[in-house]
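First up is the structure itself, then whatever we jot down about it.
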Amino acid sequence: MKKSMDGYKKNSHAVYDIKYHVIWVTKYRYKVLSGQIAYKTRKLIRQGCEARGITILQGSVGKDHIHLLISCRPSLAPSKIMQYLICTFLSNHFCTFLNYHL
């Protein structure tokens, strides 16, 4: 994958610049994403995106939501990206913060 002069990415069959704006919200908007949980969340999202070749253009973790602006190749469907990130995120968070109570 090459990046051309005009900002578009190229592969053998496509020229593209795909960006998705994703917002996750905690259940009932509980304010649980703070301190160590926010740090771990940010780390897990970065690791998951890096493993799949997804670029995080912007991102922030609030107390009750997560904003992401991501860029990826055309072969990755948005639903598959979210499925992968959520499964990775939830399985790691569930094991790490099992004793955390709302």
Given DSSP loops and a limit of at most 14 other Cβ atoms within 10 Å, what is the longest stretch of the chain that contains no such chymotrypsin sites (Phe, Trp or Tyr not before Pro)?
-> 31-96
Probe 1.4 Å, accessible area per residue of the chain, Å² | 71 Å²
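Distance cut-off 24 Å, Cα to Cα: go down the list Lys43/Lys63; Lys9/Lys80; Lys40/Lys80; Lys10/Lys43 and report the pairs above it.
Values: Lys43/Lys63 16 Å; Lys9/Lys80 21 Å; Lys40/Lys80 22 Å; Lys10/Lys43 29 Å.
In this structure, Lys10/Lys43 exceed 24 Å between Cα atoms.
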Treating only the Cβ atoms of Lys and Arg (+1) and Asp and Glu (-1) as charged, compute the dipole magnitude of the chain about its Cα centre; round to the nearest 20 debye.
-> 80 debye
What residue among Ser75, Ser60, Ser91 has the largest mean-square fluctuation in a Gaussian network model of the chain, using Cα springs under 10 Å?
-> Ser75
Dividing the helical contributions, -39500 (n - 2.57) per DSSP H run of n ≥ 4, by the residues of the chain yields a 222 nm value, nearest 500 deg cm²/dmol, of -12000 deg cm²/dmol
GNM flexibility winner over the chain from Leu68, Leu90, Leu33 (Cα, springs under 10 Å) = Leu90
Rounded to one decimal in nm, the spacing of the 7 Å Cα→Cβ label points at Asp17 and His65 is 2.6 nm
Residue by residue, what Karplus-based ³J(HN,Hα) values in Hz, rounded to whole numbers, does segment 42-56 have, using 6.51, -1.76 and 1.60 with θ = phi - 60° and x for Gly and Pro?
-> 4, 5, 5, 5, 4, 5, x, 5, 5, 5, 9, x, 9, 9, 8
For segment 1-62, which trypsin sites (Lys or Arg not before Pro) are both in a DSSP coil and crowded by at most 15 other Cβ atoms within 10 Å?
-> Lys31
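The values are calculated or read from the model by the stated rules, or taken from the named source; none is laboratory data. Only a predicted model underlies this, so the values are computations on that prediction, with no experimental measurement involved. Reconstructed Cβ throughout: ideal geometry from the backbone, glycine too, with neighbour counts over all protein chains shown. These accessible areas exclude ligands, DNA and RNA; they are computed on the full protein's heavy atoms, side chains included. Shrake-Rupley method; radii C 1.70, N 1.55, O 1.52, S 1.80 Å.
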